[in-house]
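Below is one structure, written out as structure tokens; comments come after it.
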Amino acid sequence: MRRVFALLLCAAVCAALALRREAAVPAQGPAEMTQVYAALTFDDGPHRSTTDRLLDGLRERGARATFFLVGEEIGANRDLVRRMEDEGHQVGNHTWGHRRLNDLTADEAAQEIGKTDALLTEILGPGSYWLRPPYGFLPKDGERLVSVPMVKWSVDPRDWESRDKDKVVQAVEEAIQPNSIVLLHDLYPSSVDAALELVDRLSAKGYRFVTVEELLRQNGVTPQAGTLYRSGNG
Ligand SMILES: [Zn+2]
């Protein structure tokens, strides 16, 4: 009888110890997931209604993005530009009239860039408004002409072409890697829907969305004037 009791006691102690060990191992959750970073960029806005909705969705999700604005579109949407900055997004320059800078003389290209830079400075104050050249074409003699860092992209789902939320989500999910810079356009409702769905889906996989400037700095890159960046690590 004593032996049975001893065995039972042993079994109870072992079970209690096993439970404690189990409890000491934390469940795998978002906090334990390795975090990686990427940047969503939006060109050709600001655009009333689609940009508003995108800003609302990014704010709800705690995600930051970079907006490359066309000067001609800014005038009627100054409130959206202020809101971008107030909510922690990076505001950049996508020229005044969205012309191919490589087709222009140096003076014309400087004007296309300078007019938008001046308007952003008027609205937001002095700052470094990085340039995304339309279509990714650099101005002739770009390094000398451009006094801010330039940004291209490493993931292009061609959202302007398909205007199909599911296709855009799929194309980005297949191509994105840590440090990617993703090209989107906030003119299209489908692109806004895709962007917000991507933030949800990729956040669950450990992605955090930051501005292009934050992405570069996290990689120890000091952004240089006149240099073109395609991803967070160069
Ligand atoms: Zn564009």
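The values are calculated or read from the model by the stated rules, or taken from the named source; none is laboratory data. These numbers come from a predicted model, not from an experiment. With ideal geometry, Cβ positions are generated from the backbone for all residues, glycine too; neighbour counts draw on all protein chains shown. For accessibility, only protein heavy atoms count, side chains too; no ligands or nucleic acids. Shrake-Rupley method; radii C 1.70, N 1.55, O 1.52, S 1.80 Å.
Assorted remarks:
- Tally, over segment 206-226, of residues that are open to solvent by 50 Å² or more (accessible area, probe 1.4 Å), touching a residue at least 24 places away in the same chain (Cβ under 8 Å) and part of a loop (DSSP other than H, G, I, E, B): 3
- Taking segment 48-97 as the range and being open to solvent by 50 Å² or more (accessible area, probe 1.4 Å) and within 16 Å of the ligand (Cβ to nearest atom) as the test, the residues that pass are E72, E73, W96.
- Subset tally (residues that are in a helix (DSSP H, G or I), farther than 18 Å from D117 by Cα and of a type in the set (S, T, N, Q)) for segment 38-92: 2
- Of the residues making up segment 216-234, just one is closer than 16 Å to V36 by Cα and of a type in the set (A, V, I, L, M), namely L216.
- Within segment 156-188, the set of residues being open to solvent by 50 Å² or more (accessible area, probe 1.4 Å), at positive phi and in contact with a Phe, Trp or Tyr (Cβ under 7 Å, 6 or more places away or on another chain) comprises just one member, R163.
- Which numbered condition G97 misses (of (1) under 22 Å from the mean Cα position of the chain (by Cα); (2) not in a helix (DSSP H, G or I)): (1)
- Counted residues, segment 130-145 - those being more than 27 Å from Q177 (Cβ to Cβ), in a loop (DSSP other than H, G, I, E, B) and not acidic (D, E): 2
- Scanning segment 111-145 for residues that are hydroxyl-bearing (S, T, Y) and within 16 Å of the ligand (Cβ to nearest atom) returns T116, Y129, Y135.
- Here A118 qualifies as more than 30 Å from E197 (Cβ to Cβ) and in a helix (DSSP H, G or I).
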